[in-house]
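Reviewing the structure listed below.
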Amino acid sequence: MSERILEENKNYQFYILTGAYTSKMEKIDFKSYGIFYCPYESEIRKKIFSELDGFEQMFEEEERMLKYLNLTSVSILIYSEYEEKILHTIDFLQMIQASHLVKLYDFTGRYTEYEDYPIKGEYFKGHQHSGFGRWFDHFEIEEMLFNDTDGINLFYLSEKDIIFVNQLLKIYLTEKHPHDFEQLKRIYLQAFHERKKYVKFILLTMIIESLNTSGENQAITYKISRMCAILVGANKDESRLIFQRMKTVYSVRSNYLHNAKYTLHEGNYLRYIHSLVSEILITTISTKFKIPVNKYFNLTTEMGFGERSFLIEDELLKTFDHLLKNEMNLILGVSKDKNSNKAIKNKKT
């Protein structure tokens, strides 16, 4: 008899996430923190479902729909007996890339032993499930992943990203998160799941504006643009580009608020601002949360373009520029949709 995957006397929390190229994700070091991962289209996932009493039969119709919409190839199963850690890990994955990696299902597996009444002496020994909860309608997910006019790619990590992501994950799961960072994260995750694009844009700009702790509104566009350029730009040239582009982003934001416009600018600034906020959060993690986010505004007034690495003590993370997709959005303004094979290029501002 083959060895069981789900261990006796352990209760597990499961999530099916969708919207990821799965081959590189298996190189993320989830296991060191008691978190386990497998592509949905894997023998491990099939065996886990078979070990949950009656789950395969209950989930049969859902799986048929996943296959019909081609979602099984871009979905993963992630599970752990540590509920808080697995939730933190999902938040982390959604923070580090401006992508569409979302929770599709969740369920629990609770280990039980009991006598199988009315057959005296027969015992059930294994994992029972809670039944599954679905976070999105199937067709809503399919539209989000494959028909998005913004051309936001699925979650993808290049080979060079993996070493940095593992270091960031270690910090994120082992260091205490300050309250001010958690506040920013909550707004970011609210924006991440928001379907109305203009609301998403406003929420993301709120995060940046919340870093202005000076209490002064004079020349605010200049000050915020400069702060973003320093926190995100890995060198002087990148910082200059971010500085110039942020000034335009801020004018778009003003149009939304003051003119009540509910459509996004043709320059596709939503992708840009999403990536920029993601990179600010990555910088905060890279510092091991030692610099309070309410200090960033004043601190960056004393720094020059390309000096972001001075904020980071970890020697490995000092060499970190940007995650691949965020770098494309931030610097090049180009995103390639690998599913529709279309290239979407931002117009020059």
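The values are calculated or read from the model by the stated rules, or taken from the named source; none is laboratory data. Nothing here was measured: the structure is a model prediction, and the numbers come from that model. Neighbour counts are summed over all protein chains in view; Cβ atoms, including those assigned to glycine, are modelled from backbone coordinates with ideal geometry. Ligands, DNA and RNA are stripped out before the accessible areas are found, and what is left, the full protein with its side chains, is counted by its heavy atoms. Shrake-Rupley method; radii C 1.70, N 1.55, O 1.52, S 1.80 Å.
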LEU316: passes all of (1) at pLDDT below 90; (2) surrounded by fewer than 19 Cβ atoms within 10 Å (Cβ to Cβ); (3) in a helix (DSSP H, G or I) but (1)
Flagged in region 76-119 as open to solvent by less than 20 Å² (accessible area, probe 1.4 Å), modelled with pLDDT under 90 and either in a helix (DSSP H, G or I) or more than 14 Å from TYR12 (Cα to Cα) (or both), in numbering order, are GLN97, ALA98, SER99
Within region 52-70, of all residues that are among the hydrophobic types (A, V, I, L, M, F, W, C) and in a helix (DSSP H, G or I), the one surrounded by the most Cβ atoms within 10 Å (Cβ to Cβ) is LEU66
Flagged pairs (Cβ under 8 angstrom, 6 or more apart or on separate chains; first in region 10-34, closer than 15 Å to ASP91 by Cα and at pLDDT below 95; second basic (Lys, Arg) and surrounded by 22 or more Cβ atoms within 10 Å (Cβ to Cβ)) are none
For region 194-231, the count of residues that are in a loop (DSSP other than H, G, I, E, B) and either within 15 Å of SER278 (Cα to Cα) or modelled with pLDDT of 90 or more (or both) equals 1
Scanning region 184-207 for residues that are β-branched (Val, Ile, Thr) and free of Cβ contacts under 8 Å to residues at least 12 places away in the same chain gives VAL199
Note on PHE297: of the conditions (1) surrounded by 15 or more Cβ atoms within 10 Å (Cβ to Cβ); (2) at pLDDT 90 or above, unmet is (2)
Requested in this report: For LYS125, state whether it is open to solvent by 20 Å² or more (accessible area, probe 1.4 Å), modelled with pLDDT under 95 and of a type outside the set (A, V, I, L, M, F, W, C).
Outcome: yes
Does SER286 fit the bill of being more than 19 Å from GLU182 (Cα to Cα), polar (S, T, N, Q), open to solvent by less than 10 Å² (accessible area, probe 1.4 Å) and modelled with pLDDT of 90 or more? no
Check your understanding: Do we find that LEU211 is in contact (Cβ under 8 Å) with a residue 12 or more places away in the chain and under 24 Å from PHE289 (Cα atoms) in this structure?
Key -> yes
Of the residues in region 153-179 that are outside any helix (DSSP H, G or I) and of a type in the set (Ser, Thr, Tyr), the one that is most open to solvent (accessible area, probe 1.4 Å) is TYR156
Result of the Cβ filter at 9 Å on region 158-183, keeping first residues that are more than 21 Å from SER32 (Cβ to Cβ) and partners that are open to solvent by less than 30 Å² (accessible area, probe 1.4 Å) and not in a helix (DSSP H, G or I), at least 6 apart or interchain, is SER158/LEU323; PRO178/PHE289; PHE181/PHE289
Scanning region 180-228 for residues that are more than 19 Å from the chain's Cα centre (by Cα) and among the hydroxyl-bearing types (Ser, Thr, Tyr), the one surrounded by the most Cβ atoms within 10 Å (Cβ to Cβ) turns out to be SER225
Selection from region 9-51 of residues open to solvent by 60 Å² or more (accessible area, probe 1.4 Å), part of a helix (DSSP H, G or I) and closer than 19 Å to LYS125 by Cα yields SER50
Is it fair to say SER73 is hydroxyl-bearing (Ser, Thr, Tyr), closer than 26 Å to HIS177 by Cα and either open to solvent by less than 10 Å² (accessible area, probe 1.4 Å) or not in a strand (DSSP E or B) (or both)? no
